[in-house]
Amino acid sequence: MSEDFDPAEKDLDAGFEVLDSFERFNQKNDIYSRAFWDSEVRSEKTDRFFETYRTPLKEWKSAEGFRQRDYALRNASWHLPDIFAELKEDQNRREGFLDPFTVHRQGPEESIEVESPTDMSREIKHVAKVFGADLVGITAYDKRWVYTHAYSRKGETEKEQELPTDLPNVIVIVQEMDKGLIETVPSALSGTATGVGYSQDTLVLLGLAQYVINLGYRAVATMNDTALAIPYALKAGLGEYGRHGLLITKEFGPRVRIGKIFTDLPLAHDYPKTFGVTEFCKICRRCSDACPVNAIPDGDPSDVVYNKSNIRGVRKWTVDAEPCFKFWTNQNSDCSICVRVCPYNRDLRGFWSRMWLWLAGTPLRRIALWMADLFMPSNRVSPSAWWRKGTQS
């Protein structure tokens, strides 16, 4: 870490405030980890929820979006990240979700000379796009967002954090999730968007990390493991916090997956960027109103801690993970209702969408909210309509 880096300097610019009561997070307390060891979360429904990702149900209930082909497609979309996650289970590793990736070839003994970290950052972003990254940002290593401990499925306990502390730079990549699939939420079919997002994450992270290694530097590729992704994405200038606790990007709204690579390759850093999300979310209640279990706050950002799955000492919008995940297990697939209904959930690269985005970032944001309610309905699209659209000649 560079000597002049103050980890708290840009927190407010990134949309959150770290308080004196801050405590780093233990991955064991992540809601998905707790579903395996914590009796307050684990149940027959949680066990069934995870099992259906391995063994698709022929039909879970007589409802569109929860039939065999819906589960079949969802599970197929998870096939690639699942292969890597299960590759070293005999070594007590679940790479990409509980542990960083280690499936790399050894690099050369000599490293190339980097004369300009700024130029190298441009090169890294260029290469990341070659591998398929949709967005790329670079920021500094910040210990606060690294898990104190990793989580071990063997024995359902914690284990030592293996990320080196002398990798000063973090490359953050973002992948867009399919809007058409998200529009079918809630459904097993919509979970395909998440699986494809993780598959693309895996490809980009492994390829880009190997490129850095081939240059003679160290690179640790991580997905949902090792560290909290959103704070790094915010610091890397890739978006802002939304009321639903998710990253909202200027290009794809909240419809994204995030990956990160820790490295000692000399790189110049990006900085937080704002485009009015915080101010807009303060007047918008679409996600909190639509949440079926009221897990999303409808007030201002706060340091509320609902349960052990929340990080302590950060003032921001925080979702209550327990009822949220309970709804997932009750419907037997992940839920993205808050993403579907978000006014930023659009292709923000078109002319009219860019005009709306500009308006939402001005004091006229209430007009933008009115326009979203009037012209951008967030009604669920029937999964059968999604299937017909893609299969009819």
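Across the options 124, 104, 81, the greatest Cα extent toward the positive end of the charge dipole of the chain (unit charges at beta carbon of Lys, Arg, Asp, Glu) belongs to 81.
Multiplying the sequence separation of residue 156 and residue 312 by 0.36 nm and subtracting their Cα-Cα distance, what value in nm do you get? Let's see the in-between values first.
Working: separation 156, 0.36 × 156 = 56.16 nm, distance 2.28 nm.
Value of the extension gain: 53.9 nm.
Nearest 5 percent is fine: what portion of the DSSP beta bridges confined to the chain is antiparallel? Counting only bridges with both partners in the chain, antiparallel ones make up about 95 percent. Taking 4.7 Å between C-beta atoms as the pairing limit, the chain has these partnerless cysteines: 281, 284, 291, 324, 335, 342. Given their separation in residues at 0.36 nm each and the Cα-Cα distance between them, residue 17 and residue 45 gain 6.5 nm when the chain is fully extended. For the listed residue pairs 88/125; 129/273; 125/389; 45/389; 28/179, the alpha carbons are over 27 angstrom apart in 88/125; 125/389; 45/389; 28/179. The spacing between segment 196-210 and segment 133-178, judged by their C-alpha centroids, is 14 Å.
Taking square-rooted eigenvalues a ≥ b ≥ c of the alpha carbon gyration tensor, is the chain rounded, prolate or oblate, where a/c under 1.5 means rounded and, failing that, a/b exceeding b/c means prolate? Judged from the Cα gyration tensor, the chain comes out rounded (a/c under 1.5).
None of the figures in this text is laboratory data; all of them are computed from the coordinates on show. This is a predicted model, so every value here is computed, not measured. Ideal geometry is used to build each Cβ from the backbone, glycine not excepted, and the neighbour counts take in all protein chains shown.
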